[in-house]
Amino acid sequence: MTNDNHSGGRLRTENRFADPDLAYRMIIEAHRGLSDKESQGLNAKLALLLANHIGDDAILAEAIAIAKR
């Protein structure tokens, strides 16, 4: 399934946050006080939620390939 709202059909890797430091802090704060297992669970849930939001298998495959480098 592809997402018609995504233009260009390629993963966007440039910064798109108005405040990238805030985005980073939000992720770090979400992990505060969690055990390693809970933190891994949070990462997995967050990845699945964001992958679903993207809704494009090709974009997801590209993101996985880049993340594995």
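Peptide packing for 55-63, 40-48 was compared via the average number of neighbouring C-beta atoms within 10 Å per residue; ordered from the highest value, the list is 55-63, 40-48. Solvent exposure of ARG25, expressed as accessible area, is near 120 Å², computed with a probe of 1.4 Å over the protein chains only. Using the 1.4 Å probe convention, the accessible area of the chain works out to 88 Å² per residue with neighbouring protein chains retained. If you build a Gaussian network model of the chain, linking Cα atoms that sit under 10 Å apart, which residue out of GLU38, GLU14, GLU29 swings the most? Taking springs between Cα atoms under 10 Å, the residue moving most is GLU14. Taking the chain as a Gaussian network of alpha-carbon nodes connected by springs under 10 Å, the highest mean-square fluctuation of the residues LEU22, LEU50, LEU11 belongs to LEU22.
A full extension of the chain between ASP21 and ASN52 corresponds to an added length of 8.7 nm, given 0.36 nm per residue minus the alpha carbon distance. Helix 20-31 and the longest principal axis of the C-alpha atoms of the chain enclose an angle of approximately 50°. Roll a 1.4 angstrom probe over the protein heavy atoms and tell me the percent of accessible area of the chain that is carbon or sulfur. Exposed carbon and sulfur together represent 57 percent of the surface. How far is helix 36-54 tilted, in degrees, relative to the longest principal axis of the Cα atoms in the chain, given as a value from 0 to 90 rounded to the nearest 10? Around 20 degrees separate the two axes.
Normalising the average separation of contacting C-alpha pairs (under 8 angstrom, six or more residues apart) by the number of residues puts the relative contact order of the chain at 61 percent. Helix-only arithmetic for the chain: the sum of -39500 (n - 2.57) across DSSP H runs with n ≥ 4, divided by the residue total, places the mean residue ellipticity at 222 nm at -19500 deg cm²/dmol.
The values are calculated or read from the model by the stated rules, or taken from the named source; none is laboratory data. Since this is a predicted model, take the numbers as computed values, not measurements. Every residue, glycine among them, receives a Cβ derived from its backbone with ideal geometry; neighbour counts consider all protein chains shown. All accessible areas refer to the heavy atoms of the entire protein, side chains included, with ligands and DNA or RNA removed. Shrake-Rupley method; radii C 1.70, N 1.55, O 1.52, S 1.80 Å.
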